[in-house]
1. What does the charge count around A:K283 come to, taking other residues whose C-beta lies under 11 Å from its C-beta (Lys +1, Arg +1, Asp -1, Glu -1)?
2. Given R₀ = 30 Å, what would the calculated FRET efficiency be for B:E134 paired with A:D153, taking r from the Cβ atoms and rounding to 0.05?
3. Determine the sum of side-chain charges near B:G146: Lys and Arg each +1, Asp and Glu each -1, restricted to other residues whose C-beta is under 12 angstrom from that of B:G146.
4. Out of the GluC sites (Glu not before Pro) in the range A:176-260, which ones are loop residues according to DSSP with at most 13 other C-beta atoms within 10 Å?
5. Of the GluC sites (Glu not before Pro) in the range B:89-168, which ones lie in a loop per DSSP and count no more than 14 other C-beta atoms within 10 Å?
6. Please report the antiparallel percentage of the DSSP beta bridges confined to the protein assembly as shown, to the nearest 5.
7. Using a cut-off of 9 Å between beta-carbons, work out the net charge of the residues near A:Y258 (Lys and Arg +1, Asp and Glu -1, A:Y258 not included).
8. Can you figure out the FRET efficiency of A:K283 with A:M218, using R₀ = 30 Å and their beta-carbon distance, to the nearest 0.05?
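What follows is calculated from the coordinates using simple rules that are stated; it is not laboratory data. Treat the numbers as computed from the prediction; the structure is a model and nothing was measured. A quick note on method: Cβ atoms are made from the backbone with ideal geometry, for glycine too, and the neighbour counts reach across all protein chains shown.
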Amino acid sequence: MKRVDIDPITRLEGHGKISIFINDEGSVENAYLQIPELRGFEKFVEGVPIEEVSRIVPRICGVCPAAHHMAAGKAADAVYNVDIPPVAKKLRELYYMAHFIHSHAAHFYALAAPDFVLGPDAPKAQRNVLGLIDKVGLEIGREVLRQRAISQDIQILVGGRATHPVWNIPGGVTRALSVESRDKVKGWAAEQVQFAEFSLKLFNDVVLSNKKYLDLIMGDVFEQVTNYMGLVDENNRVNFYQGQVRVVDTTGQEIIRYSESQYLDHVAEHVEPYSYLKYPYLKERGWNGFVEGQGTSLYQANPLPRLNAADGMATPKAQAEYEKMFETVGGKPCHKLLVNHWARLVEVLYAAERMEELINDEEITDPHVRVIPSTTPREGVGIVEAPRGTLTHHYWTDENGIVTKANLIVGTTNNNASISMAIKKVAQNLIKPGGEVSDGLLNTVEMAFRLYDPCFSCATHSLPGQMPLTVEIKNTAGETLNRISR
Amino acid sequence: MKTIILGLGNTVLGDDGVGVYVARLLRGCMDETVAVREAELAGLDLMEMLNGYDRAVIIDAILLEGEDPGTVFRLRPDDMKISPRLASCHDIDLVTALALGKRLRFHMPREVVVYAVQGEDVLTLREGCLPAVERVMAPLAEEIAGFLRGVPCERISIDLAERKSGSA
């Protein structure tokens, strides 16, 4: 058996590797993605007061600090069994909408758009954010960055900080929103709605009206049929901050619905001997392998899965885009993986509209932002939708609120099996019997895992090391026969 | 000339925090033309932080195969000719960030020097660096201070091109 290794991570040599196994006939037998995982989280938070945990967890991930802050904050409320004041919920949600816009916009413009605006076949040197700027113009480039900065500034104004928030405490948040800050955010929120609409229009003009791109999106290579997971409100509309977790099957039928504290009854994690990675699956169905199709125990959690798992969006403009999207792609649920990019933009519009609703809520400047917990702490679970999937934080404490145990299921982890399967399908399509590796392999594999916006390492910065993308073809004896890299 | 010293890293991930610790050693030792900042950021955020400076010194952790922990490499952006976006999976890399800033007509530093310290463990949640990395922090801070003041001083860093095991 041959083994093809693709190493997409530069910072951690030897980690974050894609291995493609080729059998003696030269066909792809399997593909796995390995992601570097942080160790020792349980031990690190052991002995820490639960109220400090929400201030520590944003430091484990600079890509989605707000998501960890929210999940840990909600878990701490649950540990103290406290229902936070309505305005505290609204402020947290407001903050979180700005985070979603910030994260999704960076992914779309810096990482996803170059493949579509310049085309997947464009020369490598142009198919990046610089080429994108050349194509769409400096003004649009500047405006994207300005809007991204605004979403950052909203987080700072509402929650004090964007990267390392210290604002959630058991029972609510540490400060109320002043009238001056509210007025400032009002203007910004309106701009963010326009920005979201502009982004969808750009997607429409550049991607959807180009038959070649539409064919790529609707083709069989980027298709995967699984169950879908997402948080929904009482009307089954998408919600990022609160609600129940709903899972629909491959036909769109609701099969599971659970509240935060019940997650262990429904989600289990499978471990393979070759990897330290965990592969979550639906417990009721039992692990039935890396298979897709009706009956699979696998689910995906990401923008498109969230939209698949819900009945619609809770805001009017996003709802219209939601309907248009599913109509264009042939109905719901949609199994075409690249549609995640479109779904991500529908979510940006929802986040912006929701932000506008919240900032115009008369109660938003109410000073009553916290209730003091009065019960003995024990155990609590907090679930939010992170930009890259359902995020679960679970803590156990002693009677003084000191953490004794912790369990996290992070956004990308939900999709571990799905990412490996997507890469396998792409590889099967591009590596033909005989073992010839096509030139398009690297970029197509990149497109396959990029659509998940995976959080490979919770380490937040990234000083490049060596090869960013290397394919090694090995024979059964482990000798390297060929090596492609860039 | 306005200079920024930027310590990058995560202070709860062991050796990953080395850039932040070295920046802290330099804080207070430099004159008013030198800003000292620390961050846990990459890509687009980095571009915004570097905007407005003529010169930048970035300190970070690195993991190269076969190197001893505590080895300090000195890099220029040209040493990091890599994929234009995969350095971090969710963001653009430093080279692209600098190029993008220039394209957008931001005031990006003309000179960028990166000091990268080989880490031993950057995946275990832990505060503080391991001894091999801890040991080089003070001498590295001195080297950077000397470099910025234009004073000859003892170098502990080696240029990436001199790396014994070859390419990067």
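1. Result for the neighbourhood of A:K283: -2.
2. So, using R0 = 30 Å, E works out to roughly 0.25.
3. Counting the neighbours of B:G146, the net charge comes to -1.
4. Within the range A:176-260, the qualifying GluC sites (Glu not before Pro) (loop, at most 13 other Cβ atoms within 10 Å) are A:E234.
5. Of the GluC sites (Glu not before Pro), the ones in loops of the range B:89-168 whose Cβ has at most 14 other Cβ atoms within 10 Å are B:E127, B:E154.
6. 70 percent
7. Cβ neighbours under 9 Å give a net charge of 0.
8. 0.35
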